[in-house]
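Structure first, then comments.
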Amino acid sequence: MHLSQSARSVSALLTRWRFLASSSSLSLPLPNSSPAAAPALAETVWTVPLHDHPWYDHVRLKRVFVTDSTRHRVVMVDARKLLECADRDNTNYVLKPVTEWHAGKVRGIREFLDPDNSRIPQMPYVTISTRRAPGLLGWFGIEREGVVAFRNGQHRARYLVDAGARWFPVEVHEREAALLREMCGAPDDARTAIRPTTVDGGGNA
């Protein structure tokens, strides 16, 4: 009789344990389940017209730094003025004109900037300083000229100019934004023609 009662007690404990185990397993995720996809974040995009480009007539550019805490600003620049200042850079990183590039490089940049791509390229990121201008006024420190160096995006900037872009946005640290506008800033027409728009993370307006 004693063994029978012990057996019944053990059986009852096993039954209770199985019930608790099966109940707790209901709240666990399935091994093959995946979390819901996070919603795509909105992006601000600038559409730059191209006036001498048979493959497509515009490109889309987005910011390099997307949070205000980075202390960078977007400045609309005159394309020709920007390259004039960039050609003064003496760090030996001034690219040749697009007409002298290797065919593979030209094709690669063209495909990279294609507005049909789902991935939106970043705008050029630059820094600017000044130096004495040539001539007597420069010698006396009265006249100065801008010197632009590319942190990123020199190939795309030169390609855009070759493709007929008159103006496009670049990003610069806030300390240099006023100087960049003074030396290379685009006219008010540019800010009217190239307005930022908001698209979702998939690149749709």
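Please name all residue pairs, on different chains or six or more residues apart, with Cβ atoms under 6 Å, provided the first residue is in the stretch 57-77 and is farther than 18 Å from residue 195 by Cα and the second residue is part of a loop (DSSP other than H, G, I, E, B) and at pLDDT 95 or above.
Every condition considered, no pair remains.
Pick from 68, 89: which is surrounded by fewer than 10 Cβ atoms within 10 Å (Cβ to Cβ), at pLDDT 55 or above and either farther than 30 Å from residue 115 by Cβ or not hydrophobic (A, V, I, L, M, F, W, C) (or both)? Before the answer, list the steps.
Working: 89 fails: surrounded by fewer than 10 Cβ atoms within 10 Å (Cβ to Cβ).
Criteria check complete, one pass: 68.
Just to be sure, is residue 112 at pLDDT 95 or above, within 24 Å of residue 59 (Cβ to Cβ) and assigned to a strand (DSSP E or B)?
Working: at pLDDT 95 or above: yes; within 24 Å of residue 59 (Cβ to Cβ): yes; assigned to a strand (DSSP E or B): no.
Considered against the rule, which asks whether it is at pLDDT 95 or above, within 24 Å of residue 59 (Cβ to Cβ) and assigned to a strand (DSSP E or B), residue 112 comes out as no.
Looking at the stretch 48-65 only, could you name the residues that are closer than 18 Å to residue 118 by Cβ, of a type outside the set (A, V, I, L, M, F, W, C) and surrounded by 18 or more Cβ atoms within 10 Å (Cβ to Cβ)?
Result: 60, 62, 63.
Return yes when residue 99 is within 15 Å of the chain's Cα centre (by Cα), β-branched (Val, Ile, Thr), surrounded by fewer than 12 Cβ atoms within 10 Å (Cβ to Cβ) and on the phi < 0 side of the Ramachandran plot and no when it is not. Break it down stepwise before answering.
Values: within 15 Å of the chain's Cα centre (by Cα): no; β-branched (Val, Ile, Thr): yes; surrounded by fewer than 12 Cβ atoms within 10 Å (Cβ to Cβ): yes; on the phi < 0 side of the Ramachandran plot: yes.
Answer is no for this residue.
The values are calculated or read from the model by the stated rules, or taken from the named source; none is laboratory data. Computed from a predicted model, the values in this text were never measured in an experiment. Please note: Cβ atoms are built from the backbone with ideal geometry, for glycine as well, and neighbour counts cover all protein chains shown.
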